[in-house]
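The structure appears below as structure tokens.
The values are calculated or read from the model by the stated rules, or taken from the named source; none is laboratory data. Computed from a prediction, not measured in an experiment: that's the story for all the values here. Using ideal geometry, Cβ is built from the backbone for each residue, glycine included, and neighbour counts are taken over all protein chains shown. Accessible surface areas use protein heavy atoms only, side chains included; no ligands, DNA or RNA. Shrake-Rupley method; radii C 1.70, N 1.55, O 1.52, S 1.80 Å.
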Amino acid sequence: MPAENRYEPHAIESRWQRLWEQRGTFHASNPSDADFDPGRPKYYVLDMFPYPSGSGLHVGHALGYVATDAIARRKRMQGYNVLHPMGWDSFGLPAEQYAIQTGKHPAETTALNTANYRAQLKRIGMAYDWSREIDTSSPSYYRWTQRLFGVLFEAGLAYQAEVPVWWCEELKTVLANEEVINGRSERGNHPCERRPLKQWMLKITAFADRLLADLEEIDWPESIEIQQREWIGRSEGAEVDFAVEGLEDEALSVFTTRPDTLFGATFMVVAPEHPLLERLVADEQRAAVEDYARAAAAKSDLERTDLARDKSGVFTGTFAVNPLMDAGEECARLPIWVADYVLMGYGTGAIMAVPGHDERDFEFATRFDLPVIEVVQPPVGTPGAGDGACFSGEGTAVNSGLLDGLPTPAAIARAVELLEDGGTGRARVTYRLRDWLFSRQRYWGEPFPLLHLEDGSITLLPEEDLPLELPVMEDFAPSAEGSAPLARDPDWARTIDPRTGRPARRDTDTMPGWAGSCWYWLRFMDPHNDEQPFSAEAESYWGPVDLYVGGAAHAVMHLLYARFWHKVLHDAGLVSTAEPFQALFNQGMIQAFAYQDATERLVPTDEVEARGGRFFRVGSDEELTQIVTKMAKSLGNVVNPDDIIAEYGADTFRLYEMFMGPLADSKPWNPRDIPGCRRFLDRAWRMLVDPDDPAPVRPRLLEETDAALEGDALFLEREVNRALSRVDDSYERFNLNTGIAALMSFVNEAGKRGGALTRSQAERFLSALAPLAPHFCEELWNRLGHTGPIAHAPWPEVAEASLEEETYELVVQVNGKLRGRTQVSQAAEPAALEAQAAEIVAAQLEGKRLLKAVVVPGKLVNFVVR
RNA sequence: GGGGAGGUGGCGGAAUCGGUAGACGCAUCGGACUUAAAAUCCGAAGGGCGAACAGCCCGUGGGGGUUCGAGCCCCCCCCUCCCUACCA
């Protein structure tokens, strides 16, 4: 007779997914809702929402989502009002490229892709409140993105400037920064160059200090804080003005962090794009300098940095004058060079070169045979300029007039004073952070809610005219000359100012892909509000996000932009907190196996076969090496959750994702390991259900008993509590793999003890497993006779008392080496422990002299002998 | 060059305060059940010497140190992955 009552994940999973949806099991109520329970604390756990790509969700994306889902489910069981939403970051370049590629409109491909993502996530059994789903490319969402851009505009934080943008001659188009990698187009690998165009900029630099300081307030990984700090790159120093010979009306300003080395400056360098370059170049050098500048502009960043280790440059024929020296002195005259190792984008785009104390300047001076002067004496024993080396550390000022003898920090302060007294310099703080280039000459993004009037002024579109919808265009490809696609729809671009009735022109640029993700956590709090982006009531209740989980890839850009907007909104009185994300966690990357041939070339997975634990090219004897690397379409090693769910079920999939290892670690996806998780569920099922009996659960599990436990049941009581305690701990430490291991051990122990399991133990086991294998646990919970969902059941408490044991195993060491073990009473005194331990290792102690006995009650006894 | 994370069996990983290294799972091997297989169950297993479930030695990338005791703390070195890249 076949076993009828087996674990059938597919039937169970579709049933519970349907019931959760019908019953609104995961609906989160806002304070203004009728069913809101103010007695519960709130918990907002957020995933970095995905761009819904055409190839669908893969198991790497799912890792963080499964983890937050388990966390959200557990918090709900612990009595929190949980906000756990999901949506789509669907504007931006990838969507547009995909649409161009497939020849369909991005609105159409986005709808298809989001439908696929939604279905995939539902199949995994996510406990999202789907009624809060948002989509950044839908007018009902971007209406508010446009409104919040208006808040920045009104605050004076949006401005237009001529800024170089990436231009790809091969593709005849402007590319966004994200599309250019090392000076080459991401698609096609064509060389790109920078061209100046009028662009919208957001003044994120005005918030640099607050973005830096408020990192102290939040619970983020150290590594992310460091990356943000470095990206902001605050550096203190001085701006110094150098007079230029033959240029009466303008000085050449430089930024330096080491004004104390001013007397060691032996030449000046300006960037090839420096605005003053044209005016200061001497006639006899003009041709050479112009050639050099042109060549530099054509170089990609890659060539200007990586490959340009050998420094290049050209003398301009002109001299600057050291402001702290007598202009008559010969060494006060500094030749001005142009070189591409100086970047226009940082500081002032010009430097004073101090080859004795700056590696880059030293390299340049060596190359072009320029003088090196020592002005900082290194500490004793450190080679300096006197030894023909470059010393960039701190020391004592020498050869520096009034600075002589001062240690570096004092010399810096004194130099700034001297410059300020002479009116030729001042203390200055510079940031590496630049203002944010916020416009794209692209179609698939939020249109700017702006009107350009004939008098040249720019006004915000009135709020009641929002959303300003994207026109539906047949041809939305970027245009050959770099102008925006929206400019090709004159009916859209030409309009009238509703306030004055005068003709006006719309802005034809669109916002970058990052815009929609700059405030989406706020919209999730109040997603259907059509009066405002979100209500103050919802924001003050749900904010800030308690836990934000996503990949470390977004360590800088997204998180910095999001923090910036949040602060602007905070200043505008729209949000109550200074920071959006209280705690942040980065999940690791899921890697995959790939195969290399003897020349280390990668071989696509479908050309590989395994034979006897080794790997060969299909149908040949060419042996391949298995390596671990990223999942990539080109390698054919991308794993889709749908396939895993079809084979093993969603609960097994979820368990395996979490069982692979700590959430933060990168680890390889190994299909061979998945059945182990399924076998665990099979065993757990049989622990509660007799497969040969049609009864929903084993009959004795329907008995409630308050009789004192004894024997195997008492043993299992301790085991279940031990497991619960380890599960709790695994959530605290984001290593759910250890919690799952504890639950596995419990099932193994229960399996060895036949019918000893009690109903209460089974219930607590299921409750602890429920966030990880929710369908499985709902089904058995229901079979145990519960009417409410396990998703709303209370989280099981650890009964500390039952963890205590009367005896424990005492380890006995001799000279630190394990020599035996013995069972001792929990209450045994140290002297008794020592005596009992000595018996165990009597043979090893025989004839030795006892120097010392280390007794650690609860752990071990160590005899030190000679 | 700078910054970050890491290196533990054949594999993924445990070891929470400096105290039994290798939990749990995979793969492997042996056994039970079966006509047989699958599934399932039970058992073995870091390496070495040994008939041994006796005993001893070695073992957490390498070398040193602190300690009764080090995967964990300190110093030096090697390797891997990720991010970043002339920031004056």
Task: Subset of the range A:134-156 [among the hydroxyl-bearing types (Ser, Thr, Tyr) and surrounded by fewer than 21 Cβ atoms within 10 Å (Cβ to Cβ)] - done: A:138, A:140
Open item on the list: Can you find a residue that is open to solvent by 10 Å² or more (accessible area, probe 1.4 Å), touching a residue at least 24 places away in the same chain (Cβ under 8 Å), of a type in the set (Val, Ile, Thr) and outside any helix (DSSP H, G or I) anywhere in the range A:676-690?
Closed with: no
Task: Given (1) under 30 Å from residue A:801 (Cβ atoms); (2) within 15 Å of RNA strand B (Cβ to nearest atom), index of the condition residue A:690 fails - done: (1)
Open item on the list: Here are the criteria: (1) within 28 Å of the chain's Cα centre (by Cα); (2) in the same structural domain as residue A:784 (by TED's automatic domain parsing). Tell me which single one residue A:663 does not satisfy.
Closed with: (2)
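Please verify whether the range A:725-739 includes one or more residues that are within 15 Å of RNA strand B (Cβ to nearest atom), under 27 Å from residue A:664 (Cβ atoms) and β-branched (Val, Ile, Thr).
Pass one, the range A:725-739, residues within 15 Å of RNA strand B (Cβ to nearest atom): A:725-739.
Going one step further and asking which of them are under 27 Å from residue A:664 (Cβ atoms), we end up with A:725-739.
Remaining after also requiring β-branched (Val, Ile, Thr): A:727, A:738.
Within the range A:725-739 (the criterion being within 15 Å of RNA strand B (Cβ to nearest atom), under 27 Å from residue A:664 (Cβ atoms) and β-branched (Val, Ile, Thr)), the answer is yes, since at least one residue qualifies.
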TODO: Determine whether the range A:404-416 contains at least one residue that is open to solvent by 20 Å² or more (accessible area, probe 1.4 Å) and either within 30 Å of residue A:192 (Cα to Cα) or not assigned by TED's automatic domain parsing to the domain that holds residue A:324 (or both).
DONE: no
TODO: Look through the range A:362-373, keep the residues that are crowded, with 18+ Cβ neighbours inside 10 Å and in contact (Cβ under 8 Å) with a residue 40 or more places away in the chain, and return whichever of them is nearest to RNA strand B (Cβ to nearest atom).
DONE: A:364
TODO: Check A:279, A:258 and return the single one that is within 14 Å of RNA strand B (Cβ to nearest atom) and open to solvent by 30 Å² or more (accessible area, probe 1.4 Å).
DONE: A:258
Task: Given (1) open to solvent by less than 40 Å² (accessible area, probe 1.4 Å); (2) modelled with pLDDT of 95 or more, index of the condition residue A:562 fails - done: (2)
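Here are A:647, A:622: which of them is in contact with a Phe, Trp or Tyr (Cβ under 7 Å, 6 or more places away or on another chain) and of a type in the set (Asp, Glu)?
Working: A:647 fails: in contact with a Phe, Trp or Tyr (Cβ under 7 Å, 6 or more places away or on another chain).
Of A:647, A:622, the one residue that is in contact with a Phe, Trp or Tyr (Cβ under 7 Å, 6 or more places away or on another chain) and of a type in the set (Asp, Glu) is A:622.
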- [ ] Go over the candidates A:16, A:20 one by one and state the one that is buried (at least 23 other Cβ atoms within 10 Å of the Cβ) and modelled with pLDDT of 95 or more.
- [x] A:16
Task: Residues that are hydrophobic (A, V, I, L, M, F, W, C) and open to solvent by 40 Å² or more (accessible area, probe 1.4 Å), drawn from the range A:120-133 - done: A:130
- [ ] Considering only the range A:811-866, state which residues are farther than 30 Å from residue A:801 by Cα, open to solvent by 60 Å² or more (accessible area, probe 1.4 Å) and near RNA strand B (Cβ under 9 Å from one of its atoms).
- [x] A:815, A:817, A:818, A:819, A:843, A:844, A:851, A:852
Task: Pick from the range A:590-624, criterion farther than 26 Å from residue A:640 by Cβ, small (Gly, Ala, Ser) and in contact with a strand residue (DSSP E or B) (Cβ under 9 Å, 6 or more places away or on another chain), ranking: modelled with the lowest pLDDT - done: A:598
